[in-house]
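Q: Attaching a single structure in structure tokens format; questions to follow.
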Amino acid sequence: MNFLSDPVTFIGNWLTGLVANLGIPKETASAWVTGVAVGILPLLAMLWVLVLIWYERKVIGRLQDRPGPNRVGPFGLIQPVADMLKIFIKEHILPAGIDRIPYNLAPILAVGGVLGMWIVVPFSATVHGVDINVGALYVIAVGAIGTLGIIFAGYSSNNKYALLAAFRVVAQLISYEIPMVLALLVPVLLARSMGMNSIVQAQPVWFILIAPLAALLFFISSIAEVGRSPFDLAEAESEIVAGFNTEYSGLKFGMFYVGEFLHAFTNSLIFTALFLGGWQGPGAEQFPILGFIYFFLKTVVVHFLGIAIRGSMPRFRIDQVMQLNWKLFTPIALAAFSSAALVEKLATNWADAARIGIHFLVNMIILGVVVLIGGRVFRARGIRLDALAQRNRAAVKFSMEKSHDS
Amino acid sequence: MILDQVIFLITALVIIIAAILVVSVPKMIHAALWLILALAGIAVLFVLLQASFFAVVQVIVYIGAIAVLVIFAVMLTRKAMQDDGPQLNRYSVLAAAVCLMLFVVLTGMLLSWDGASSLPVNPAVHPDTIINLGESLTNPQGYLLPFEVASILLLAALVGAIFIGREHRAGKEEE
Amino acid sequence: MTISWLYIGIFLVVSLGLPAVAIILAGILAPKKPSLEKSMIYECGVETHGETWVQFKAQYYLIGLVFLIFDIETVFLYPWAVAFDRLGVFAVLEGLLFIGILAGGLVYAWKKGAFEWV
């Protein structure tokens, strides 16, 4: 293993050798080096956000037929640095009557909750932060910390609009966790393990081909979890002022946005690891650097898809968001998972290709039933997803007309 | 070994202090926030016991769902931001006496247990703990019946809460 | 405690501390000129009317509760999914019964309008 085929492990071993030469036993030296590497990872992730911000603004600009930032530095590459410097020196305006500790803790939790996901991502065959056997659920758990940060922000701002917006955002976030966790069950089922490394290693055939419905649900739910378009009613200017971060200024406000950009990219990382085979690809085991490159390319493609969706779809209303989740996504997720479990058990002894084909077929059948037949049946009977709201609007209109007549 | 003990002592101290603060701070919303700290400490205890699945589930269910629900409940009632009067009521002396008795009984029991004065033996990490859990949950001689009854219990909770919480729609205007 | 969780602990401390350090640094670098207008709560440009509380809306609590129920259900299913190889077809049917009972709960919530208007 030389430097070119596996640079990170090479540097790790070299540093361990350096430290061990000072007389410390090998395991302790290796543990120290790993500890330092683990400590540097958040810094690397935060620096990567600068590149992400540039990438997103460029792509959104091109989608809207304009060049994006192109003045500060070549191709606008220094733009995020300029933005970062600007937001660093803005005043932290503290409104009256806030609750100091949750107010200051909220942006830290919002960003910390996203950074925490990076430790379980398997970057290549030999490079991963930590390989715990509950990696998939750990990602969800750390996401819950981000949700908590938003509640803290809304409550501590002493602003009833911020509180209202925080309620709506948290209702959206917790609702979309259900299809996400249910769709996450499918790769866990197919790989028979919750560890991220095991899930990646179980994908000589990518899971998106075996369970496309679960992949689609996970992708859409993760977009809703971040709070990007079309689910971005939390931060839309025409909504409740600026939402839960109305009373924040300076870097605290910037941290929420850093957290959002990083969350979008981290979701692409997790999606790639779970459904697109992570670092799997030709030659990825012998040359781990190739695995890292495959992983990076797949993640960039998924991230681009997320940005493209952001730039092209109109925003949902809050009641549409909720009904979409509970009346469409959760039943589909339950059906997809149940069918995956049934097919996996009944077809245990079949050939690989036949089993994968049956999985794919069942997924397509469920999708077809929902989209084609379900939509027609519901529309034919005049049932809409918001039927109750429709009836009540009609009832209010009727009673108003009655009072006008009498 | 020594690191385990230090981490356990720090975590236990944090949990006890947070739990005391939960019941003694004047504002209810602060009590909810200290509760989150206590629950996070319990998750660390699960990790110390080599039960990583339960640590993660503790964070997902308790902190991510139950604590959020508690905060919703506290903030949706009117007096969330105000103090609610004195923290003690007229039974405080009786309650303190009961707590002291409980403390004396528990301490006596622990002192007579020989495990309390020797170093803990780390439980051997069985490589497939979660697999064993999954197997026993569906084993008819294992925990299958509690597993299915749990789902019925959850259904009952769901139905009950929706029945109590739904709005009475006669004449209610749309928000 | 395995060494992995110690690394995770270090990582979480650093990932919570890094934004904290950045914010403290920005607090040192930024100007501090508090004034009466700047510290007033924003309410579309007018003074705040009434107290800062929100009208009680049971829908938020109900959504949280339905989420809690389904969260617990899904968490029950994870060990079942991991132990899949050792289970027979009967165990799979038991798991599907578990899901089915809670799907019934979802249908009840739908019919009773628990998902409207949030």
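The values are calculated or read from the model by the stated rules, or taken from the named source; none is laboratory data. Just so we're clear, the structure is a prediction, and the values are computed from it rather than from any experiment. Virtual Cβ from ideal backbone geometry, glycine too; neighbours counted across all protein chains shown.
Q: Of everything in the range B:42-65, what is away from chain A (no Cβ under 11 Å) and among the β-branched types (V, I, T)? Give them in sequence order.
A: The answer is B:I42, B:V44.
Q: Yes or no: the range B:80-93 includes at least one residue that is without any contact (Cβ under 8 Å) to a residue 40 or more places away in the chain and surrounded by 14 or more Cβ atoms within 10 Å (Cβ to Cβ). Don't jump to the end; show me each part of the working.
A: Pass one, the range B:80-93, residues without any contact (Cβ under 8 Å) to a residue 40 or more places away in the chain: B:85-86, B:88-93.
Those still in the list that are surrounded by 14 or more Cβ atoms within 10 Å (Cβ to Cβ) too: none.
Scanning the range B:80-93 turns up no residue that is without any contact (Cβ under 8 Å) to a residue 40 or more places away in the chain and surrounded by 14 or more Cβ atoms within 10 Å (Cβ to Cβ).
Q: I've got another one for you. Can you confirm whether B:M75 is more than 9 Å from every other protein chain (Cβ to nearest Cβ), surrounded by 18 or more Cβ atoms within 10 Å (Cβ to Cβ), over 13 Å from the mean Cα position of the chain (by Cα) and not small (G, A, S)?
A: On the way: more than 9 Å from every other protein chain (Cβ to nearest Cβ): no; surrounded by 18 or more Cβ atoms within 10 Å (Cβ to Cβ): yes; over 13 Å from the mean Cα position of the chain (by Cα): yes; not small (G, A, S): yes.
Judged against the criteria, B:M75 is not a match.
Q: Could you please tell me which pairs satisfy a Cβ distance under 8 Å, a separation of 6+ or placement on different chains, a first residue in the range A:265-277 that is over 16 Å from A:V114 (Cα atoms), and a second residue that is of a type in the set (D, E, K, R) and at pLDDT below 95?
A: A:T272/A:K298; A:L276/A:K298; A:G277/A:K298
Q: Residues that are buried (at least 16 other Cβ atoms within 10 Å of the Cβ) and touching a residue at least 24 places away in the same chain (Cβ under 8 Å): does the range A:20-35 have at least one?
A: Scanning the range A:20-35 turns up no residue that is buried (at least 16 other Cβ atoms within 10 Å of the Cβ) and touching a residue at least 24 places away in the same chain (Cβ under 8 Å).
Q: Let me ask something else about it. Which of the helices (runs of 4 or more DSSP H) found entirely inside the range A:204-308 contain at least 2 residues meeting this: within 19 Å of the chain's Cα centre (by Cα) and surrounded by fewer than 22 Cβ atoms within 10 Å (Cβ to Cβ)?
A: On the way: elements: A:207-210, A:212-226, A:250-275.
Helices (runs of 4 or more DSSP H) meeting the threshold: A:212-226, A:250-275.
Q: Any idea which residue in the range A:334-382 is modelled with the lowest pLDDT, counting only those that are exposed (fewer than 11 other Cβ atoms within 10 Å of the Cβ) and part of a loop (DSSP other than H, G, I, E, B)?
A: Per the stated criteria, the residue is A:G382.
Q: Within the range A:323-333, track down each residue that is crowded, with 22+ Cβ neighbours inside 10 Å and closer than 17 Å to C:F98 by Cβ.
A: A:T330, A:A333 - these are the residues of the range A:323-333 that are crowded, with 22+ Cβ neighbours inside 10 Å and closer than 17 Å to C:F98 by Cβ.
Q: Wholly within the range A:1-92, which helices (runs of 4 or more DSSP H) include no fewer than the required count, namely at least 2 residues that are within 13 Å of chain C (Cβ to nearest Cβ)? Write out each step before concluding.
A: Numbers: elements: A:7-20, A:26-63, A:79-88.
Per the criteria, A:26-63, A:79-88.
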